[in-house]
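Written below as structure tokens is the structure these notes are about.
The values are calculated or read from the model by the stated rules, or taken from the named source; none is laboratory data. For clarity, every value in this text was computed on a predicted model and none was experimentally measured. Don't worry about glycine lacking a Cβ; one is built from the backbone with ideal geometry, like all the others, and counts go over all protein chains shown. These accessible areas exclude ligands, DNA and RNA; they are computed on the full protein's heavy atoms, side chains included. Shrake-Rupley method; radii C 1.70, N 1.55, O 1.52, S 1.80 Å.
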Amino acid sequence: MAMPHLSFLKSPPVAILSALLVLQGSLFYGFSRGETPPSYRPLGEFPGAIGAWHMMRQGVMEQEIKDVLRADDYITRDYSESPGKNANLFVAFFKSQRAGQTPHSPKNCLPGSGWVWTLSDTIPVAIPGRAAPIEINRYLVSKGENRSLVLYWYQSRDRVVASEYKAAAFVAWDAIRYNRTDTALVRVVVPVENGREDVATATGMDFIQAFFATLRAFLPK
């Protein structure tokens, strides 16, 4: 028979607190170990032609933005598949997040730049060669007369995550189990013409389906 004064140890609040303490200790252990970042291919070598899509412009990030982003590598490019079918690709890669280098969510950055959001949800995108679709964020924003559709996700190893909270949880898991915290933010921006959000979404999905496998080869496995 359990002793009366110790029976509280079986209560749900105590069990939850104990689990949190174990998790906290595990995270401290995971993040306190030295990390050897995995190798990756420089994003500057990403091809200018991907299927029917061709690069139209190579973007350059201002130093002030680089200092805030603190990514180890990045690309920002405009691609076009045909007249009126255009998309911007931005990828920021972080070799490690132990020193506070973490992706900045577009949901935080875009409003700070004057963009106003009118739609925020997630959509599935079927990728050739993958058994299940990937789940990504869809974010519709406007600034004056300009409207854009933003599609983005976080990618670590072969994992695609839409939720910022889940992405952070996976970082902790990877730190503990694999001793690595690398990740990438992948963002696609498509202009919305004539209010046709459906067309912009279809364009973005087509672009993602075209480059996903190629980008996967540039990120650590």
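Values as computed for the structure displayed
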{"read-out": "Members of the stretch 141-161 that are of a type outside the set (S, T, N, Q), open to solvent by 20 Å² or more (accessible area, probe 1.4 Å) and in contact (Cβ under 8 Å) with a residue 40 or more places away in the chain", "value": "147, 157, 158"}
{"read-out": "Criterion: touching a Pro at 6+ places or on another chain (Cβ under 6 Å) and more than 20 Å from residue 85 (Cβ to Cβ) - qualifying residue of 111, 133", "value": "133"}
{"read-out": "Members of the stretch 56-103 that are part of a loop (DSSP other than H, G, I, E, B) and surrounded by fewer than 14 Cβ atoms within 10 Å (Cβ to Cβ)", "value": "59, 60, 62, 83, 84, 99, 100"}
{"read-out": "For residue 38: the one exception among (1) in contact with a helix residue (DSSP H, G or I) (Cβ under 6 Å, 6 or more places away or on another chain); (2) modelled with pLDDT under 95", "value": "(1)"}
{"read-out": "Residue match in the stretch 134-156 (condition: under 15 Å from the mean Cα position of the chain (by Cα) and modelled with pLDDT under 90)", "value": "yes"}
{"read-out": "Every residue from the stretch 162-204 that is open to solvent by less than 50 Å² (accessible area, probe 1.4 Å), at pLDDT 95 or above and more than 13 Å from the chain's Cα centre (by Cα)", "value": "189, 190, 192, 200, 201, 203, 204"}
{"read-out": "Criterion: out of contact with any strand residue (DSSP E or B) (no Cβ under 6 Å at 6 or more places or on another chain), closer than 28 Å to residue 118 by Cβ and of a type outside the set (Gly, Ala, Ser) - qualifying residue of 179, 146", "value": "146"}
{"read-out": "Residue list for the stretch 35-71, restricted to those being farther than 23 Å from residue 208 by Cβ and touching a residue at least 24 places away in the same chain (Cβ under 8 Å)", "value": "35, 36, 37, 38, 39, 68, 70"}
{"read-out": "Condition broken by residue 107, with the remaining ones in (1) over 18 Å from residue 150 (Cβ atoms); (2) open to solvent by 50 Å² or more (accessible area, probe 1.4 Å) satisfied", "value": "(1)"}
{"read-out": "Selection count where residues are at pLDDT 85 or above, of a type in the set (A, V, I, L, M, F, W, C) and within 17 Å of the chain's Cα centre (by Cα), scope the stretch 103-125", "value": "2"}
